[in-house]
1. What do you get for Rg/Rh over segment A:35-140 if you use C-alpha atoms and the Kirkwood form of Rh?
2. Taking the Cβ of each residue in B:88, A:118, A:5 as the centre, tally the other Cβ atoms inside 10 Å and list the residues starting with the fewest.
3. How far is the Cα center of segment B:224-265 from the Cα center of segment B:106-137, in Å?
4. If you take each beta carbon of peptide A:53-65 and count the beta carbons of other chains within 10 angstrom, what is the mean?
5. In vacuo Debye scattering of segment B:107-192, one point per C-alpha: log10 I(q)/I(0) at q = 0.21 Å⁻¹?
6. Under a crude label model (7 Å from the Cα following the beta-carbon direction), how far is residue A:153 from residue A:101 in nanometres?
7. Counting DSSP beta bridges with both partners in segment B:1-91, what percentage is antiparallel, nearest 5?
8. For B:273, B:85, what's the fewest-to-most ordering of other Cβ within 10 Å of each Cβ?
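Just so it is clear, none of the values below were taken in a lab; they were calculated from the coordinates. These numbers come from a predicted model, not from an experiment. Glycine gets a Cβ as well: all are built from the backbone with ideal geometry, and neighbour counts include every protein chain shown.
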Ligand SMILES: Cc1cc2nc3c(=O)[nH]c(=O)nc-3n(C[C@H](O)[C@H](O)[C@H](O)COP(=O)(O)OP(=O)(O)OC[C@H]3O[C@@H](n4cnc5c(N)ncnc54)[C@H](O)[C@@H]3O)c2cc1C
Ligand code: FES
Ligand code: FES
């Protein structure tokens, strides 16, 4: 099948790639663009490890075709640190041991970023509900939820 | 996934001719059912037609006199965030927030939920309770279909070759009208309904004047139980009237046993959830 030329805004910069229509956005990011931060867990929308923002909306990139993103904005985990300065969410995950093997982490970071954009000061139940589309086999979730609360508090403090 | 071509028409007319010329094509909304099925081989196609670039399928329009029109490919996250929808159709915003999780809601549409025709589709019983109409476009023009007639078998809908769903229309709720969807799942979220119940009721001067009840996961298609709703009409909203409607809903259910639950348990849940959903709608 004919490859399609896709032009998009990727982590704030113009980008392009050639994709077979059957390639998912996840595959295009990892295999065509060499952005391997986004991970594949299940490949069917359940685990959230492939989560990215598409036009600002949290989606599972394993259930998006790469060709669908033509003209759109895609944000991945590679874009959230500013140079060598980690994003407060990344820092909170590291400082509070919210990861072990790390496979789920890029998805949790993107989901958390999206959560705090919608709701800068979420309660614990709100965090757990928002992150229900993300699975972690290592941490038992408590440390993730605590890291999100700490990141939220820090981001609000530095916004003041 | 096996190879296929991709087209993203920009207008309804362009989409109509593409769909008509390629009856073997699969149309794509959010892809949360379709791409899973293309990946696991349950469906195959040589052309995917993406409907998300067509304005009519991507807009929500609210007319306070007539009602709400939801484009077939609008993602649930957009429904949850829509102020008029939340105000006038709170049960619909609630069900949109129930499908999958946050990232799934970023893509999943009501149109996809309906067209996929799963017996367990969460939004469908509620759409039936809300007396929603599906607007279908095809080579013969436009036709409107009540949502309760749309699904014909598991995974099959009534669309003829060349047809697709454009939008879903919800009439404006009258004074005293309330709706509610309840489902039972072993987990709180990211789970498939063992049983789902959508109800709507209207109360005027202490009497029920309209009621509709529909069920998920208890028949080959979402099930409209007209007689259960009708049994409430003319009655006061008493526990006895509710219990009678719940037992009619239970009697209409034809569940199967599968890995999620035995049939007996599903039948039991039909009664319990119908009672609870009616009680909640009538208490609002
Ligand atoms: C992890 C996960 C969790 C889920 N949880 C739930 C849940 O809790 N409850 C639930 O009900 N469902 C759930 N689903 C199923 C799915 O998300 C929903 O059915 C969703 O509403 C499908 O919408 P979509 O826009 O993604 O449809 P798509 O996948 O794009 O389409 C679904 C089907 O409908 C057809 N179609 C789509 N649009 C049209 C149209 N306009 N005209 C004609 N045909 C059309 C497609 O060809 C396809 O066959 C889940 C799925 C996943 C992956
Ligand atoms: S890999 Fe996409 S949700 Fe699991
Ligand atoms: S840290 Fe290993 S899966 Fe989450």
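1. Working: Rg = 13.3 Å, Rh = 14.1 Å.
A ratio of 0.94.
2. Working: B:88 18, A:118 13, A:5 10.
Ranking B:88, A:118, A:5 by Cβ neighbours within 10 Å, fewest first, gives A:5, A:118, B:88.
3. 21
4. On the way: counts 2, 3, 1, 1, 8, 8, 11, 10, 1, 4, 13, 6, 10.
Taking all residues of A:53-65 together, the mean is 6.
5. -1.05
6. Placing both labels 7 Å beyond Cα along the Cβ direction yields 3.1 nm.
7. Numbers: 4 of 10 bridges.
In segment B:1-91, DSSP labels about 40 percent of beta bridges as antiparallel.
8. Values: B:273 27, B:85 21.
Lowest to highest Cβ neighbour count: B:85, B:273.
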